[in-house]
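The values are calculated or read from the model by the stated rules, or taken from the named source; none is laboratory data. What you are looking at is a predicted structure, and each value in this text was computed from that prediction instead of being measured. Virtual Cβ from ideal backbone geometry, glycine too; neighbours counted across all protein chains shown.
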Amino acid sequence: MALQGATLVPSSLSVPKEGKSCSSVKQSALFGVSLSDNLKADFSSSALRCKRELKQRSGAVRAETVATSAPAIRQSPVDGKKTLRKGSVVITGASSGLGLATAKALAESGKWDVIMACRDFLKAERAAKSAGISKENYSIMHLDLASLDSVRQFVDNFRRSGRPLDVLICNAAVYLPTAKEPTFTAEGFELSVGTNHLGHFLLSRLLLDDMKKSDYPSKRLIIVGSITGNTNTLAGNVPPKANLGDLRGLAGGLNGLNSSAMVDGGEFDGAKAYKDSKVCNMLTMQEFHRRYHEETGITFASLYPGCIATTGLFREHIPLFRLLFPPFQKYITKGFVSEEDAGKRLAQVVSDPSLTKSGVYWSWNKDSASFENKLSQEASDSEKARRVWEVSEKLVGLA
Ligand code: LMG
Ligand code: NDP
Ligand code: PMR
């Protein structure tokens with residue numbers, strides 16, 4: 001099918017399960033994939049082409065098991081050499097900042113077909129073009145995480161496209177630090193937690209089935225976290241601090257009417273809502289790991305990519321903040337990282353053979369070396385993770 005890649009890999013190759021059976025070096029070599037031109041040409045980056053594909057394929061491909069149609073590794077009948085197709089990675093919020101930089105890093109590696117899951121198609125197309133991502137390496141699909149209908153529609157469209165799913169990156173986020181009153185998603189959840197956590201929760205729960213079907217050697221589900229949700233750090237102690245409390249607001253539906261718009265049931269605070277949403281993200285990753293890692297072999301991971309002080313995340317902040325924040329992070333905290341470097345970090349979590357450990361929250365030290373970071377007490381509380389999971393399931397209609 002469309003995604004069949006062709007390259008030379010070691011014939012001693014075996015399919016690793018969570019980095020146990022296949023050595024890093026082998027896997028790294030194995031990922032050195034190049035695609036033949038006719039296969040590259042099959043990958044589209046335009047909306048029209050995407051729609052045409054949908055029309056042509058709808059029905060027929062709907063329930064196709066992608067793993068059988070696009071085996072990750074094939075042995076050539078001619079010379080017996082084993083080949084690995086390109087990986088297929090979905091990145092939410094790839095129209096700017098970290099998501100865009102990661103899309104670029106992965107696309108440029110030549111080893112990935114990048115599906116940019118974005119709410120604004122034209123913006124995403126322009127962003128991909130101006131980042132210089134070449135057409136054959138990406139496509140754009142519509143996804144608005146602030147609408148659970150849109151999430152379901154995305155999953156449906158993705159399945160109809162017949163593509164395999166090897167890696168999912170839950171990256172998109174909104175941050176509303178200056179909002180005085182809460183705003184809401186289509187279903188009436190406070191916008192930050194609704195988008196950053198609940199939208200991704202439904203998306204990843206649904207797409208888990210698709211990932212299970214993929215026979216790609218190293219499948220990964222990555223949820224972007226942050227230092228500011230971790231109160232075991234200086235940054236996590238800048239007020240307002242993250243705190244999910246007893247989840248009474250979340251359990252009430254975050255609707256700001258008969259329940260608080262905040263997870264802990266308190267007064268609305270946009271900056272806190274964002275930090276709370278990141279705690280939910282990091283707890284969800286760990287709960288995924290506990291529930292599904294052994295059964296599926298999927299690597300579940302989160303990360304703090306560094307302070308990318310120049311991204312669109314701060315678009316709602318006051319101009320003075322936007323002016324001072326980058327130099328503050330660069331020269332004072334020294335936590336600053338460029339969008340490009342942050343994209344490379346996230347790309348490592350996607351495909352570096354040494355980062356296959358599941359249940360980990362990755363960070364990078366001053367020399368830009370990755371390490372397993374420690375989460376705050378709340379962000380590593382397994383009982384809270386289970387409750388966030390269960391309450392979220394109800395809110396998104398999975399339970
Ligand atoms: C809240 O305010 C807002 O109310 C909320 O709406 C939301 O925006 C939220 O997190 C976002 O912020 C919080 C913040 C406002 O208040 C504080 O941070 C007060 C400080 C509380 C102290 C935190 C306790 C943790 C322990 C701290 C120990 C102190 C150490 C300080 C020393 C740091 C260095 C090691 O604050 C602001 O909005 C200020 C904006 C901060 C970013 C810019 C800071 C500018 C500093 C000057 C930079 C100059 C440029 C450098 C140029 C270098 C040239 C060589
Ligand atoms: P950006 O604002 O640059 O990127 C956020 C992306 O999310 C954009 O593409 C945006 O789309 C998309 N998005 C927002 N709402 C929705 C929605 N409803 N549906 C679909 N997509 C949506 O911010 P960053 O790149 O900084 O943030 C990316 C991730 O990195 C976030 O998870 C953030 O929490 C995390 N992070 C960022 C740090 C930083 O310092 N910047 C530090 C630590 C973590 P659009 O372009 O249409 O607005
Ligand atoms: Mg923070 C010591 C290091 C450090 C780091 C790594 C960050 C990251 N911040 C640090 C320190 C401080 N910050 C200090 C000392 C202050 C008080 C002056 C401070 C303030 C501050 C503000 C007002 N910082 C912020 C804000 C924001 O609005 C950002 C935020 O909280 O968004 C939720 C932010 C951030 N600081 C960071 C990072 C990574 C952010 C971006 C938020 C994120 O994505 O989590």
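Among the residues of segment 345-365, are any within 15 Å of ligand 1 (Cβ to nearest atom), touching a helix residue (DSSP H, G or I) at 6+ places or on another chain (Cβ under 9 Å) and hydrophobic (A, V, I, L, M, F, W, C)?
Of the residues in segment 345-365, the ones within 15 Å of ligand 1 (Cβ to nearest atom) are none.
There is no residue in segment 345-365 that is within 15 Å of ligand 1 (Cβ to nearest atom), touching a helix residue (DSSP H, G or I) at 6+ places or on another chain (Cβ under 9 Å) and hydrophobic (A, V, I, L, M, F, W, C).
Identify all residues within segment 104-126 that are part of a helix (DSSP H, G or I) and either away from ligand 2 (no atom under 12 Å from the Cβ) or under 16 Å from Leu143 (Cα atoms) (or both); write none if there are none.
Listed by number, the residues that qualify are Lys104, Ala105, Leu106, Ala107, Glu108, Phe121, Leu122, Lys123, Ala124, Glu125.
Restricting to segment 138-185, and then to whatever is farther than 15 Å from Ser88 by Cα and assigned to a strand (DSSP E or B), can you tell me which residue is nearest to ligand 3 (Cβ to nearest atom)?
The extreme case among them is Phe184.
Do the conditions hold for Lys212, that is, is it among the basic types (Lys, Arg), at pLDDT 95 or above and away from ligand 1 (no atom under 16 Å from the Cβ)? Write out each step before concluding.
Values: among the basic types (Lys, Arg): yes; at pLDDT 95 or above: yes; away from ligand 1 (no atom under 16 Å from the Cβ): yes.
The answer is yes for Lys212.
Only residues that are without any contact (Cβ under 8 Å) to a residue 40 or more places away in the chain and near ligand 1 (Cβ under 10 Å from one of its atoms): list them for segment 270-317, please.
Residues satisfying the conditions are Lys272, Ala309.
Go through segment 160-178 and give me each residue that's among the charged types (D, E, K, R) and either within 16 Å of ligand 1 (Cβ to nearest atom) or surrounded by 21 or more Cβ atoms within 10 Å (Cβ to Cβ) (or both). Steps first, answer last, please.
Restricting attention to segment 160-178, the residues satisfying the condition of being among the charged types (D, E, K, R) are 160, 163, 166.
Selection gives Arg163, Asp166.
Counting just the residues of segment 221-242 that are part of a helix (DSSP H, G or I), touching a residue at least 12 places away in the same chain (Cβ under 8 Å) and not hydrophobic (A, V, I, L, M, F, W, C), which one comes out nearest to ligand 2 (Cβ to nearest atom)?
Here is the first cut: in segment 221-242, the ones part of a helix (DSSP H, G or I) are 227-229, 235-237.
Applying the additional criterion that residues be touching a residue at least 12 places away in the same chain (Cβ under 8 Å) yields 227-229, 235-236.
From the residues that got through so far, the ones that are not hydrophobic (A, V, I, L, M, F, W, C) too are 228-229, 236.
Values: Thr228: 7, Gly229: 9, Gly236: 11 Å.
Filtering segment 221-242 for residues that are part of a helix (DSSP H, G or I), touching a residue at least 12 places away in the same chain (Cβ under 8 Å) and not hydrophobic (A, V, I, L, M, F, W, C), the one nearest to ligand 2 (Cβ to nearest atom) comes out as Thr228.
Can you tell which of Ala105, Ala186, Ala128 is closer than 26 Å to Tyr361 by Cβ and either in contact with a helix residue (DSSP H, G or I) (Cβ under 8 Å, 6 or more places away or on another chain) or buried (at least 24 other Cβ atoms within 10 Å of the Cβ) (or both)?
Numbers: Ala186 fails: closer than 26 Å to Tyr361 by Cβ; Ala128 fails: closer than 26 Å to Tyr361 by Cβ.
Only one candidate passes the filter, namely Ala105.
For Gly249, state whether it is within 16 Å of ligand 3 (Cβ to nearest atom) and out of contact with any Pro (no Cβ under 6 Å at 6 or more places or on another chain).
Details: within 16 Å of ligand 3 (Cβ to nearest atom): no; out of contact with any Pro (no Cβ under 6 Å at 6 or more places or on another chain): yes.
Judged against the criteria, Gly249 is not a match.
Check Arg345, Arg386, Arg315, Arg291 and return the single one that is of a type in the set (Lys, Arg) and touching a Pro at 6+ places or on another chain (Cβ under 6 Å).
Values: Arg386 fails: touching a Pro at 6+ places or on another chain (Cβ under 6 Å); Arg315 fails: touching a Pro at 6+ places or on another chain (Cβ under 6 Å); Arg291 fails: touching a Pro at 6+ places or on another chain (Cβ under 6 Å).
Only one candidate passes the filter, namely Arg345.
Examine segment 191-214 for a residue that is buried (at least 17 other Cβ atoms within 10 Å of the Cβ) and assigned to a loop (DSSP other than H, G, I, E, B), and state whether such a residue exists.
Yes; the residues of segment 191-214 include at least one that is buried (at least 17 other Cβ atoms within 10 Å of the Cβ) and assigned to a loop (DSSP other than H, G, I, E, B).
Give Thr310, Thr356, Thr333 a once-over and let me know the one that is closer than 25 Å to Ala107 by Cβ, within 12 Å of ligand 3 (Cβ to nearest atom) and at pLDDT 95 or above.
Values: Thr356 fails: within 12 Å of ligand 3 (Cβ to nearest atom); Thr333 fails: closer than 25 Å to Ala107 by Cβ.
Answer to the selection: Thr310.
Restricting to segment 125-177, name every residue that is β-branched (Val, Ile, Thr) and either at positive phi or within 17 Å of the chain's Cα centre (by Cα) (or both). It would help to see each step written out before you state the result.
Within segment 125-177, the subset β-branched (Val, Ile, Thr) is 133, 140, 151, 155, 167, 169, 174.
Residues satisfying the conditions are Ile140, Val151, Val155, Val167, Ile169, Val174.
Can you confirm whether Thr284 is under 15 Å from the mean Cα position of the chain (by Cα) and among the β-branched types (Val, Ile, Thr)? Outline the logic, then answer.
Details: under 15 Å from the mean Cα position of the chain (by Cα): yes; among the β-branched types (Val, Ile, Thr): yes.
The answer is yes for Thr284.
If only one of Ser277, Ser218, Ser260 is in a helix (DSSP H, G or I), buried (at least 19 other Cβ atoms within 10 Å of the Cβ) and not hydrophobic (A, V, I, L, M, F, W, C), which one is it?
On the way: Ser218 fails: in a helix (DSSP H, G or I); Ser260 fails: in a helix (DSSP H, G or I).
Selected residue: Ser277, the only one of Ser277, Ser218, Ser260 that is in a helix (DSSP H, G or I), buried (at least 19 other Cβ atoms within 10 Å of the Cβ) and not hydrophobic (A, V, I, L, M, F, W, C).
Report every pair of residues separated by at least 6 positions or lying on different chains whose Cβ atoms are under 9 Å apart, first residue within segment 318-339 and among the β-branched types (Val, Ile, Thr), second more than 13 Å from ligand 2 (Cβ to nearest atom).
Ile318/Thr178; Thr333/Leu234; Val337/Ser368
Give Arg119, Arg126 a once-over and let me know the one that is of a type in the set (D, E, K, R) and either touching a His at 6+ places or on another chain (Cβ under 8 Å) or modelled with pLDDT under 95 (or both). Reasoning before the result, please.
Working: Arg126 fails: either touching a His at 6+ places or on another chain (Cβ under 8 Å) or modelled with pLDDT under 95 (or both).
After applying the criteria, what remains is Arg119.
What number goes with the only condition from (1) under 19 Å from Ile227 (Cα atoms); (2) modelled with pLDDT under 95 that Trp364 does not pass?
(2)
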